[in-house]
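Novice: This is the structure I have questions about; it appears just below.
Where a number appears in this text, it was derived from the coordinates with a stated rule and is not lab data. What you see is a predicted model, and the numbers here were worked out from it, not measured in a lab. All Cβ positions, even for glycine, are placed from backbone atoms using ideal geometry, and neighbour counts span all protein chains on display.
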Amino acid sequence: MTFGMGVLKGMIVTFKNFAASYLCKRDEGGIFTVQYPEEREKAIENFRNFPFLVYDGTPEKLRCVACGICERECPPKCIYIVMEMDNARKPARKPAVFDVDYGLCMNCGICEEVCPFDSIFMDHDFEVTTLDSRTDLVRHKEALSRSNEYFQKIRPLFASAIDQKRKAAEEKKKTPPQNTGGQALQPPAAQGLP
Ligand code: SF4
Ligand code: SF4
């Protein structure tokens, strides 16, 4: 009986899709073949292909701090990061090297999910074919970097939510910590303490 119901449900879905491809318009759920590459469908907001890195303002201002979390969590290990060092040989909190091998990437989006700095997101660009996949599909930092405006353009709802979250976090940082009585804490000197 369960088997029979499953087959029936599957047939209903198939029939609905079949009928919709003739009766519905494209934006009403109809299924269509487009004449690619002359004709292209606009990707839906959550469509994901390969990851890119976001910068604010200019490409030197990548949000990435080279923490290495995405590199560790990436299932096929296709991310490679080297931290930049400052003149005192201390970590500069930015990547000197950030490579992603698109030939290995399986488009899972885990790097986007685990990044605590809202730095890496999945792109809509899928036209990455090349004649030499061993070298050309390894994308370096410069080729991976995209502006926040680009991010806003391809994923407006999600990118705006990220911007709001970052803005709220910035505001919170600027606000002095409150004590339990609801008054701003004063530095020791202002309280008459040594
Ligand atoms: S999308 Fe998945 S496979 Fe591709 S770089 Fe990110 S974590 Fe790795
Ligand atoms: S993209 Fe995010 S998770 Fe990956 S190294 Fe940069 S800050 Fe860390």
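Novice: Cα convex hull of the range 51-172: how many Å³ per residue?
Specialist: Taking only Cα atoms, the range 51-172 has a hull volume of 121 Å³ per residue.
Novice: Restricting to DSSP H runs of at least four residues, report the calculated mean residue ellipticity at 222 nm for the chain, -39500 (n - 2.57) per run over all residues, nearest 500 deg cm²/dmol.
Specialist: Per the formula, -10000 deg cm²/dmol.
Novice: Using a 10 Å Cβ count of at most 15 others and DSSP loop calls, identify the longest part of the chain lacking such GluC sites (Glu not before Pro).
Specialist: Excluding the exposed sites themselves, the longest stretch runs over 128-194.
Novice: Cα-Cα over 30 Å: which of Lys61/Lys153; Lys42/Lys141; Lys9/Lys153?
Specialist: Cα-Cα > 30 Å for Lys9/Lys153; rest within.
Novice: Additional query: Need one number: nm distance between label points at Glu60 and Ile31, each 7 Å from Cα along Cα→Cβ, rounded to one decimal.
Specialist: According to this spin-label approximation, the distance is 5.2 nm.
Novice: Also: Pairs of Cα atoms under 8 Å, at least six residues apart: use those to get the relative contact order of the range 1-79, whole percent.
Specialist: After rounding, I find 11 percent.
Novice: Measure nothing fancy, just the Cα-based angle from helix 2-23's long axis to the longest principal axis of the chain, in degrees from 0 to 90, nearest 10.
Specialist: 90
Novice: Here is a further query. Mind running the shape call on the range 1-107? Use the C-alpha gyration tensor, a ≥ b ≥ c as the square roots of the eigenvalues: rounded below 1.5 for a/c, prolate if a/b tops b/c, oblate otherwise.
Specialist: Prolate, because a/c is 1.5 or more and a/b exceeds b/c.
Novice: Let me ask you something else. At 0.36 nm per residue, and after removing the present C-alpha to C-alpha distance, how many nm does the segment from Thr14 to Thr130 gain when stretched out fully?
Specialist: 38.1 nm
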